[in-house]
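Report on one structure; see the data block that follows.
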Amino acid sequence: MLEKIKKFFENLETDSLEKQSNFLKNLLNQAKEEGKADIAKGNTVDDLKTVQTKYFGKKGLVPDLMRYMGKVSNKDKPLLGKIIHEFKTDLENHLNQIIADIEKAENNAKLEAEKIDITLPGTNTKIGHKHPLTIVEDQIKEIFTNIGYTVVEGYEIEEDYYNFERLNIPKDHPAREMQDTFYLNEDVVLRTHTSPVQARIMDKLCPTLPVKVIAPGKVFRRDDDATHSPMFHQIEGLIVDKNITFADLKGTLLHLVQSVFGEEREIRLRPSFFPFTEPSAEVDVSCGNCNQEGCRVCGYTGWLEILGSGMVHPKVLEMAGYDPKEVSGFAFGLGIERIAMLKYGIDDMRLLFDNDLRFLEQF
Ligand code: PHE
């Protein structure tokens, strides 16, 4: 088509456009039909952009036509302009319309594809359960933070110095035996209890008062049977301040036990011994299984042992830099597994570590 148009302009004599304008219009009408046929062949917006370039791009037909404006006389320029303009707008409008139609159809198809049936039943995503040990740990942390304690952490790999020495545990104490403690080397152990955190936190805070912390974490002992595991969890409690008495210890532990097991439960303190507390007490909770009638769970005693405690030993305070004549404190340590087993009636500690979903889903 371009060839014919070229020829037309080459042969065009000056001032004769008016006479021959119908011929040119005719040529351009044919070009328009060709253009529409090109457009009709396109399926996508991209196809049509190619057509657009062919006719309206820098090297397209319309700019080519515009170049002939220079060839015609001033008198004929408006006429040629009008003819080209008409050709251009007709074809352009047609093309834009088709592009708009395709875009609309593509958009509709996209919306259709994105359509969801909101009446369909939802997919049931299984959400996890908190492990019973986590439930108990969280609960005890909350009980103590509610009465002004701060949660702190120590180290699972601990120096012999903090695990024993600073807790007034003598060199020949049975807990230090290789059979009971995992030694990493002469001076480093896997901590056998959370009590070393007592010494570490006092070192950090001294001479500030009060020290009022609980320290949950893993502890390790060379034990393995239905009620002992080589790794288990403890929570240490420590308060150091002026005028802390044994009555404070008893009241705090009663509050702890009743918050965990229920208001109807009672505690009993039995004299005991720990090198780092003096006096020391083993704490029992009244058996909830038999209401203290005596049953298999409590070994027919009506009581269940749950934790060790006592007044912080003056030597332990002194080693941390506190003056035992000025300040006093109490400490306690409980086994989270033991509490969880009593609270939920679990009779084998290993269930807590097997991670069998049939077990875990019950909490
Ligand atoms: N650390 C002791 C244990 O593991 C428990 C305890 C902690 C006793 C604090 C008294 C004071 O058995």
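Is it the case that some residue within segment 284-302 is within 11 Å of the ligand (Cβ to nearest atom) and touching a strand residue (DSSP E or B) at 6+ places or on another chain (Cβ under 6 Å)? Spell out how you get there, then give the answer.
Keep residues of segment 284-302 that are within 11 Å of the ligand (Cβ to nearest atom), which gives none.
Scanning segment 284-302 turns up no residue that is within 11 Å of the ligand (Cβ to nearest atom) and touching a strand residue (DSSP E or B) at 6+ places or on another chain (Cβ under 6 Å).
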Got a sec? Which helices (runs of 4 or more DSSP H) wholly within segment 9-80 have at least 1 residues that are within 60 Å of the chain's Cα centre (by Cα) and surrounded by 14 or more Cβ atoms within 10 Å (Cβ to Cβ)? 17-41, 45-56
Conditions: (1) open to solvent by 50 Å² or more (accessible area, probe 1.4 Å); (2) outside the structural domain of ILE201 (by TED's automatic domain parsing). ILE99 meets all but one. Number of the miss? (1)
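Conditions (1) away from the ligand (no atom under 13 Å from the Cβ); (2) open to solvent by 30 Å² or more (accessible area, probe 1.4 Å), marked per residue:
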site: ASP172; (1), (2): yes, yes
site: ALA175; (1), (2): no, yes
site: VAL188; (1), (2): yes, yes
site: GLN198; (1), (2): no, no
site: THR208; (1), (2): yes, yes
site: ALA215; (1), (2): no, no
site: ARG221; (1), (2): no, yes
site: ASP225; (1), (2): yes, yes
site: ILE239; (1), (2): no, no
Tell me, please, whether a residue that is over 33 Å from the mean Cα position of the chain (by Cα), within 16 Å of the ligand (Cβ to nearest atom) and not charged (D, E, K, R) can be found in segment 253-262. yes
Please work out if ASP138 is acidic (Asp, Glu) and either modelled with pLDDT under 90 or not in a helix (DSSP H, G or I) (or both). no
Quick one: is GLU92 surrounded by 12 or more Cβ atoms within 10 Å (Cβ to Cβ), part of a helix (DSSP H, G or I), of a type outside the set (Phe, Trp, Tyr) and out of contact with any helix residue (DSSP H, G or I) (no Cβ under 6 Å at 6 or more places or on another chain)? yes
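The values are calculated or read from the model by the stated rules, or taken from the named source; none is laboratory data. No experiment lies behind these values; they were computed from the predicted model shown. Quick reminder, even Gly has a Cβ in these numbers, built from the backbone with ideal geometry, and neighbours come from all protein chains shown. In case anyone asks, the SASA skips ligands and DNA or RNA and just uses the protein heavy atoms, side chains included. Shrake-Rupley method; radii C 1.70, N 1.55, O 1.52, S 1.80 Å.
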